[in-house]
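Values quoted throughout were computed directly from the atomic coordinates according to the rules given, and no laboratory measurement underlies them. On a predicted model such as this, the values are computed, not experimentally measured, just so you know. Don't worry about glycine lacking a Cβ; one is built from the backbone with ideal geometry, like all the others, and counts go over all protein chains shown.
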Number of protein chains: 2
Amino acid sequence: MLDATRELLSESGPEAVTHLRVAEASGVARATVYRHWPDRADILVDLLSRSAALHLSPPPPGLPITERVTTLLRTFAATLNGDGGRILAAMIGLAEWDDDVFSALERMTSRGPKSLRDLIAAGISEGSVQTDTDAGLLSDQLIGPIYLRRLLYHDEITDGYIDRLVSTTLGPRLLA
Amino acid sequence: MLDATRELLSESGPEAVTHLRVAEASGVARATVYRHWPDRADILVDLLSRSAALHLSPPPPGLPITERVTTLLRTFAATLNGDGGRILAAMIGLAEWDDDVFSALERMTSRGPKSLRDLIAAGISEGSVQTDTDAGLLSDQLIGPIYLRRLLYHDEITDGYIDRLVSTTLGPRLLA
DNA sequence: CGCACATGATACATTATGTCTCATCTAAGT
DNA sequence: ACTTAGATGAGACATAATGTATCATGTGCG
């Protein structure tokens, strides 16, 4: 049923996720869908709560900070370029009015900035990034434009874009 | 009717915008709503197409580039902190599956980056910004984090955040 | 006044929604 | 192999929503 829900969501948007259509799409009786999720919104919240975080790539170990950040952002962008972008767009449109969806959104999107901040913090402590760097802000500056392109412009996020982003954002804060 | 639609959208989200509820909320017969917008989505598309752009502030004239950018971003953030944030979130959630909403989204969000790029381009030509600056990318770097905070974190965008954003993003590219 | 046009009110058929019952199936324990 | 608890399928049912049609009323305008 959740597979069918994900399919419906990706194909036709959140409004298509109804008890009836989930039942039809998954070959299950309508009553069964009601038993699991009495409220229509519960189906979506359940699906979205189980959705994987937007990226999970463990930052590779000994490489220079620029490489590690670039790798992290690329796996992140790959998820956004795929199905993750649509799911994220749906969540943003729902989270404004549904606290449960917002919680799921927080869980889904918090891991990325966190590991990026950790990466930057590691760069500071190992002396490759300026000490007065605000890791949280720098993380926003790297991730924000990527979301912007995907969600507002519906543009694909290319490796070249990420390279330019990293070099102009992180570049000026690097120490020799 | 469109006022009632806006109210419904802001209060209860896109799914609450139905012929019936618009009719009730605006004190109009249900048939009248059907006459104007035979399809449910038409109501929202019509409303969103008429929505003002996200910011309109004409950049003040002779001030230094940093001041002008900061002013622009502040009026932009003010709209996002208000009702514009919810409307934008709804549009992002709909634009993924509705081309008309996406067109409206483009019109709504294109003016901001454009005037920001123009501002940066002016800064380059008047010699206060480095000549190798990519105005489009710099614009994304300034606007992206603001969208990020509003849409994903549901955080208010403070003047202090914008100040830090401008100083760390635009600062390194300024010429004496 | 007369006309074009939008609206209100209502009826109607169709579909969706939500709840209920009961027979059937399945997995697990005895 | 038997029993039982729990889940499912199939369908009935009432209610609400949706979409269309009709006709009387109102309003602005030449």
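Just one of the numbered conditions (1) more than 16 Å from DNA strand C (Cβ to nearest atom); (2) in a helix (DSSP H, G or I) is not true of A:Pro59: (2). For A:Leu20, are the conditions met, namely being loosely packed, with under 13 Cβ neighbours inside 10 Å and part of a helix (DSSP H, G or I)? For A:Leu20, the condition - loosely packed, with under 13 Cβ neighbours inside 10 Å and part of a helix (DSSP H, G or I) - is met. Being under 21 Å from B:Ser12 (Cβ atoms), surrounded by fewer than 18 Cβ atoms within 10 Å (Cβ to Cβ) and more than 16 Å from DNA strand C (Cβ to nearest atom) is a description that does not apply to A:Ser110.
Check segment A:96-105 and report whether any residue there is of a type in the set (S, T, N, Q) and at the interface with another protein chain (Cβ under 8 Å from one of its Cβ atoms). Let's see the steps before the verdict.
Taking segment A:96-105 first, the residues of a type in the set (S, T, N, Q) are A:103.
Pick out the ones that are also at the interface with another protein chain (Cβ under 8 Å from one of its Cβ atoms) and you get none.
Within segment A:96-105 (the criterion being of a type in the set (S, T, N, Q) and at the interface with another protein chain (Cβ under 8 Å from one of its Cβ atoms)), the answer is no, since none of the residues qualifies.
Within the set A:Thr109, A:Thr79, A:Thr71, the sole residue that is away from chain B (no Cβ under 14 Å) and under 10 Å from the mean Cα position of the chain (by Cα) turns out to be A:Thr79.
Selection over segment B:113-163 of residues that are crowded, with 17+ Cβ neighbours inside 10 Å and among the aromatic types (Phe, Trp, Tyr) gives a count of 2. For segment A:113-150, the set of residues classified as among the basic types (Lys, Arg) and under 29 Å from B:Glu15 (Cβ atoms) consists of A:Arg149, A:Arg150, listed by residue number.
If the condition is being more than 7 Å from chain B (Cβ to nearest Cβ) and either of a type in the set (Phe, Trp, Tyr) or closer than 15 Å to B:Gly171 by Cα (or both), then segment A:135-166 contributes A:Leu138, A:Tyr153, A:Tyr161. Among the conditions (1) crowded, with 19+ Cβ neighbours inside 10 Å; (2) closer than 22 Å to A:Tyr153 by Cβ, A:Ile43 misses just one, which is (2). Taking the numbered list (1) at the interface with another protein chain (Cβ under 10 Å from one of its Cβ atoms); (2) more than 16 Å from the chain's Cα centre (by Cα) in turn, A:Thr131 passes all entries but (1).
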